[in-house]
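Here is the structure we will look at.
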Amino acid sequence: MALITLTAGIGCGITDVAEQVARQLKVELFDDQRLQQVAADMGFSSQDLKAFDVKAPGLLDRMFRRSPETYHELMEGLIYEVARSGDGVIVGHGAASFLRDFGCAMHVLLRASEPFRIQRVASKRQIDSQVAQKLIAKRDTELKGFMHFTFKIDRDDLSLYDLVINVEKMGTEAAAAMIVHLAQTDVINECSLTAMEAMERLSLLKRVEAAISKANMHLQELDIAVPDPGVVKLSGMIDPMHTVAGVSEVIKQVSGVKQVISEAQRHPLPEL
C-alpha cells in the first residue's frame with residue numbers, strides 16, 4: 001500500500017514529482033482533474049464542482065471565490081474517499097491536514113529557494129521574472145492565510161510532514177526516487193485494519209451526506225453516523241417536505257450501504 005500526500009508552493013516541481021512517483025509506484029495520481037471525477041462519482045453537485053472548473057484561471061483563485069467552509073466540506077469528502085483504498089498520490093488540497101491522524105499515509109513537503117522558484121515559474125509560464133516573483137508572493141500569502149483559516153494549521157509546520165525535500169538541491173527525479181523508496185519500506189506499508197475501517201466509515205459518511213444534499217434534503221437537524229462498516233444510523237429531525245422512509249431510501253442507494261437504522265423523526269408541517 002502506498003498513499004502519499006504532496007504539498008508545495010508553486011515553482012517547487014510538485015507536478016513533475018507527483019507524476020514520477022505515481023508512475024513508478026503504479027498507483028493513481030489524484031490531481032485537480034482526477035479529484036473532479038471523484039467528486040462527481042460521489043454525487044457532489046454541479047455547484048460544488050465549479051471549484052474544479054478546468055476553464056477557470058487556477059484552483060487557488062477559484063478557491064478564494066468560495067467560502068472556506070464549502071471548500072473544506074468538499075475536499076474532506078474527496079480526500080477520505082481517495083484514502084479509503086490506501087493507495088494513490090494526492091497533490092495539495094490540504095490532504096496532509098485531513099489525513100494527519102491516518103497512519104496509512106506518508107506526507108511529503110517539497111521546498112526550494114525563492115530564486116529557484118522564480119526561475120522555474122518564469123520558464124514554465126513564459127513570463128518575466130518580476131511577474132513570476134509577484135505571482136509566487138501572492139500565492140504563498142493567499143495559501144498560508146487560507147490554510148490557517150480553513151484548517152487552523154500553518155502549512156509550513158514541519159510536524160505535519162514525514163519527509164521534507166529540497167527540490168532545488170535534489171532535483172525532481174531524485175526527490176521522486178526518495179519518496180518511492182520510502183513508500184516501499186515495511187514501515188510505510190504496514191497499515192492496521194482498524195485504521196482502514198475508520199477511513200472507510202468516514203468516506204461512507206461523506207458519500208451519504210452528498211447523496212442527501214443532492215436530493216435537496218436539509219441536514220441542519222438530521223444527525224448521520226456510521227457506527228460500523230456499511231451501517232448508517234439516523235437521528236434528529238427530518239425536513240417536513242420529506243419522509244423518514246424517503247430519506248432512508250436515498251441512503252440505501254449509496255454504494256457501500258448495507259443497513260440503515262433510523263431513529264429520526266419528521267418535522268411536523270407548519271400550521272396554516
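The values are calculated or read from the model by the stated rules, or taken from the named source; none is laboratory data. Since we're looking at a predicted model, the values are computed, not measured. With ideal geometry, Cβ positions are generated from the backbone for all residues, glycine too; neighbour counts draw on all protein chains shown.
Can you find even one residue in the stretch 56-74 that is assigned by TED's automatic domain parsing to the domain that holds Lys134, among the polar types (S, T, N, Q) and either in a helix (DSSP H, G or I) or modelled with pLDDT under 80 (or both)?
Yes; the residues of the stretch 56-74 include at least one that is assigned by TED's automatic domain parsing to the domain that holds Lys134, among the polar types (S, T, N, Q) and either in a helix (DSSP H, G or I) or modelled with pLDDT under 80 (or both).
For Ser85, which of the numbered conditions (1) part of a helix (DSSP H, G or I); (2) among the polar types (S, T, N, Q); (3) out of contact with any helix residue (DSSP H, G or I) (no Cβ under 7 Å at 6 or more places or on another chain) fails to hold?
Condition not satisfied by Ser85: (1).
List pairs: first in the stretch 88-102 and touching a residue at least 60 places away in the same chain (Cβ under 8 Å), second in a loop (DSSP other than H, G, I, E, B) and among the acidic types (Asp, Glu), Cβ under 7 Å, 6+ apart or cross-chain?
Between residues of the stretch 88-102 that are touching a residue at least 60 places away in the same chain (Cβ under 8 Å) and residues that are in a loop (DSSP other than H, G, I, E, B) and among the acidic types (Asp, Glu), the close pairs are Gly88/Glu28; Val91/Asp31.
Output the residues belonging to the stretch 215-243 that are more than 27 Å from Gly86 (Cα to Cα), surrounded by fewer than 17 Cβ atoms within 10 Å (Cβ to Cβ) and out of contact with any Asp or Glu (no Cβ under 7 Å at 6 or more places or on another chain).
Ala215, Asn216, Gln220, Glu221, Asp223, Pro240, Met241, Thr243
Working only within the stretch 147-171, note down all residues that are among the hydrophobic types (A, V, I, L, M, F, W, C) and farther than 21 Å from Met75 by Cβ.
The answer is Leu158, Leu163, Val164, Ile165, Val167, Met170.
For the subset of the stretch 108-124 comprising residues that are under 11 Å from Ile10 (Cβ atoms) and out of contact with any helix residue (DSSP H, G or I) (no Cβ under 7 Å at 6 or more places or on another chain), which member is surrounded by the most Cβ atoms within 10 Å (Cβ to Cβ)?
In this case the residue turns out to be Arg120.
Where in the stretch 120-211 are the helices (runs of 4 or more DSSP H), entirely inside, with at least 3 residues that are hydrophobic (A, V, I, L, M, F, W, C)?
Counting at least 3 such residues, we get 129-151, 167-183.
Find all pairs meeting these conditions: Cβ atoms under 8 angstrom apart; at least six residues apart or on different chains; first residue within the stretch 26-40 and farther than 15 Å from Ile14 by Cβ and at pLDDT 90 or above; second residue of a type outside the set (A, V, I, L, M, F, W, C) and in a helix (DSSP H, G or I).
Qualifying pairs under 8 Å: Glu28/Arg34.
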